[in-house]
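Working notes for the structure below.
The values are calculated or read from the model by the stated rules, or taken from the named source; none is laboratory data. Only a predicted model underlies this, so the values are computations on that prediction, with no experimental measurement involved. A quick note on method: Cβ atoms are made from the backbone with ideal geometry, for glycine too, and the neighbour counts reach across all protein chains shown. When the accessible area is computed, the model is the full protein with side chains, heavy atoms only, and any ligands, DNA or RNA have been set aside. Shrake-Rupley method; radii C 1.70, N 1.55, O 1.52, S 1.80 Å.
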Amino acid sequence: PGCSYEQRWDQDTQYMMIYHLFGLLWMNQFFIAFGYVVIAGCISHFYWAEGDKRKIPQAPMKDSVKRALTYHLGSIALGSFIVACVQFIRLTLEYIDRKTQQIQEGNVIAKYCMYCVKYCMWYMEKVIKFINRNAFIIVAVKGTSYFSSAYTAMKLVLGNLMRMAAVNTVGDFLIFLGKLAVTAACFFVSIMVSNLDMYTDPTKDTFISSPLVPVFISTVTAGIIANIFFGVYEM
């Protein structure tokens with residue numbers, strides 16, 4: 001007897017796909033928010049100690065993770081859920097946009113309205129992510145609820161708007177230079193390594209016919225690691 005495989009894209013499968021897609025968005029934002037709370041909790045120990053090492057715990061990372069798991073999972077889940085909802089709406093709009101391309105080609109107003117709605121949702125996501133980031137810092141530092149922390153964070157931001165703009169502009173530029181320097185350094189080092197005799201001699205087992213792929217992978221990996229590493233300083 002022969003074996004066969006058949007894929008049915010029925011209504012139940014579509015609903016399950018939507019369910020798992022939203023779950024993917026939510027879990028992705030949940031892990032990002034959890035990282036914000038943990039990092040902010042670690043940095044707050046150092047910040048409030050004011051240089052006194054006796055006030056800094058022996059294992060700030062462990063203590064911060066423990067507090068996040070014990071007290072802040074609800075706030076993290078709520079904040080990440082809001083971002084996931086906005087992202088899901090944006091994906092839904094992208095789907096509608098693709099399905100209505102023919103209608104939009106014949107109707108300039110419909111095309112303009114779709115563009116405006118997509119832009120508004122993109123901007124809303126950026127705003128909510130900014131609020132979430134600062135709210136999670138307050139959650140980690142003060143231990144208050146999500147909405148209370150979001151209100152406190154926005155009150156602080158609006159009260160120190162010019163100062164924050166100046167600090168963020170200079171800080172973001174310096175962090176960008178750091179990421180660029182690390183990525184460029186790894187790029188040049190990978191090129192130098194790929195030109196060693198062990199990789200350029202065709203008689204050896206370690207011969208590489210083209211250094212393009214190893215250099216590309218090394219550079220991309222360096223960029224990802226630099227982005228994660230400097231994210232700690234950015235926080």
Inspect all residues belonging to segment 97-116 and state whether any of them is in a helix (DSSP H, G or I), open to solvent by less than 50 Å² (accessible area, probe 1.4 Å), under 21 Å from Trp26 (Cβ atoms) and in contact with a helix residue (DSSP H, G or I) (Cβ under 8 Å, 6 or more places away or on another chain). no
Of the residues that sit in segment 43-57 and are surrounded by 13 or more Cβ atoms within 10 Å (Cβ to Cβ) and touching a Lys or Arg at 6+ places or on another chain (Cβ under 8 Å), which one is farthest from Gly74 (Cα to Cα)? Ala49
Failed item, numbered, when Phe176 is tested on (1) open to solvent by less than 90 Å² (accessible area, probe 1.4 Å); (2) under 30 Å from Met61 (Cα atoms): (1)
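Looking at segment 193-207 only, could you name the residues that are aromatic (Phe, Trp, Tyr) and assigned to a helix (DSSP H, G or I)?
Once the filter is applied, which keeps residues that are aromatic (Phe, Trp, Tyr) and assigned to a helix (DSSP H, G or I), segment 193-207 yields only Tyr199.
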Considering only segment 9-42, state which residues are among the β-branched types (Val, Ile, Thr) and open to solvent by 60 Å² or more (accessible area, probe 1.4 Å). Ile18, Ile32
Count of residues meeting criterion [of a type in the set (A, V, I, L, M, F, W, C), under 16 Å from Gly35 (Cβ atoms) and surrounded by fewer than 20 Cβ atoms within 10 Å (Cβ to Cβ)] in segment 133-158: 1
Taking the stated definitions as given, is Val127 at pLDDT 90 or above, among the β-branched types (Val, Ile, Thr) and surrounded by fewer than 13 Cβ atoms within 10 Å (Cβ to Cβ)? yes
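Can you confirm whether segment 58-80 contains a residue that is touching a His at 6+ places or on another chain (Cβ under 6 Å) and open to solvent by 30 Å² or more (accessible area, probe 1.4 Å)?
Checked segment 58-80: at least one residue is touching a His at 6+ places or on another chain (Cβ under 6 Å) and open to solvent by 30 Å² or more (accessible area, probe 1.4 Å).
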Residue in segment 145-174 that is modelled with the lowest pLDDT, counting only those that are small (Gly, Ala, Ser) and in a helix (DSSP H, G or I): Ala165
Starting from segment 40-64, take each residue that is closer than 19 Å to Lys142 by Cβ and list its partners that are in a loop (DSSP other than H, G, I, E, B), counting only C-beta distances under 7 angstrom and pairs at least six apart or across chains. Ala40/Met235; Ile43/Met235; His45/Ile56; His45/Pro57; Phe46/Ile56; Ala49/Ile56; Asp63/Pro57
Mind listing whichever residues of segment 16-73 are of a type in the set (S, T, N, Q) and assigned to a helix (DSSP H, G or I)? Asn28, Gln29, Ser44, Ser64, Thr70
